[in-house]
Structures are given as C-alpha cells and as structure tokens.
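**Q** Can you keep this structure in mind? I'll have questions shortly.
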C-alpha cells in the first residue's frame, strides 16, 4: 500500500495546525465584533473590529 502525500502524518498535522490557527483568528475577530456591539459607541462601530481589538482593550483597561 502506498501512502500518498495527502495521507502523510506531516500533511495532517499541517492541516490541523492551519485549521486551529484559523479558528483562533475567527474567535478573536468575533469576540472583538461582539465587544464593540456591546460597547455601543458611535466612535467605534462594530465594523471597526479587528482580531486585536479585544487584546488591546484588555492590555489597556484590564485589571492587573
């Protein structure tokens, strides 16, 4: 039985890592979008959300 490149463990690990990274990116973007909706500020509409918005707010205004 021949192992095709798509069946190799390296390819599967790379595909899983890519999907995991895309999921984290999407989660941060959605968290930022919903945060700006909850904030309801006219200066910051939800369309201004980036994946880093939540992280920047946490760094600036988080308790610590």
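Every read-out reported here was derived from the displayed coordinates using simple, explicitly stated rules and does not represent laboratory data. Since we're looking at a predicted model, the values are computed, not measured. No Cβ is skipped: glycine too gets one built from the backbone with ideal geometry, and neighbour counts run over all protein chains shown.
**Q** Taking residue 20, is it without any contact (Cβ under 8 Å) to a residue 24 or more places away in the chain, in contact with a strand residue (DSSP E or B) (Cβ under 7 Å, 6 or more places away or on another chain), surrounded by 10 or more Cβ atoms within 10 Å (Cβ to Cβ) and not in a loop (DSSP other than H, G, I, E, B)?
**A** Working: without any contact (Cβ under 8 Å) to a residue 24 or more places away in the chain: yes; in contact with a strand residue (DSSP E or B) (Cβ under 7 Å, 6 or more places away or on another chain): no; surrounded by 10 or more Cβ atoms within 10 Å (Cβ to Cβ): yes; not in a loop (DSSP other than H, G, I, E, B): yes.
The answer is no for residue 20.
**Q** With 47, 41, 32 as the choices, which residue is surrounded by 12 or more Cβ atoms within 10 Å (Cβ to Cβ) and without any contact (Cβ under 8 Å) to a residue 40 or more places away in the chain?
**A** On the way: 47 fails: surrounded by 12 or more Cβ atoms within 10 Å (Cβ to Cβ); 41 fails: surrounded by 12 or more Cβ atoms within 10 Å (Cβ to Cβ).
Selected residue: 32, the only one of 47, 41, 32 that is surrounded by 12 or more Cβ atoms within 10 Å (Cβ to Cβ) and without any contact (Cβ under 8 Å) to a residue 40 or more places away in the chain.
**Q** Something else now. For the structure I just gave you, tell me whether residue 12 is more than 20 Å from the chain's Cα centre (by Cα) and part of a helix (DSSP H, G or I).
**A** On the way: more than 20 Å from the chain's Cα centre (by Cα): yes; part of a helix (DSSP H, G or I): yes.
Against the criterion (more than 20 Å from the chain's Cα centre (by Cα) and part of a helix (DSSP H, G or I)), residue 12 qualifies.
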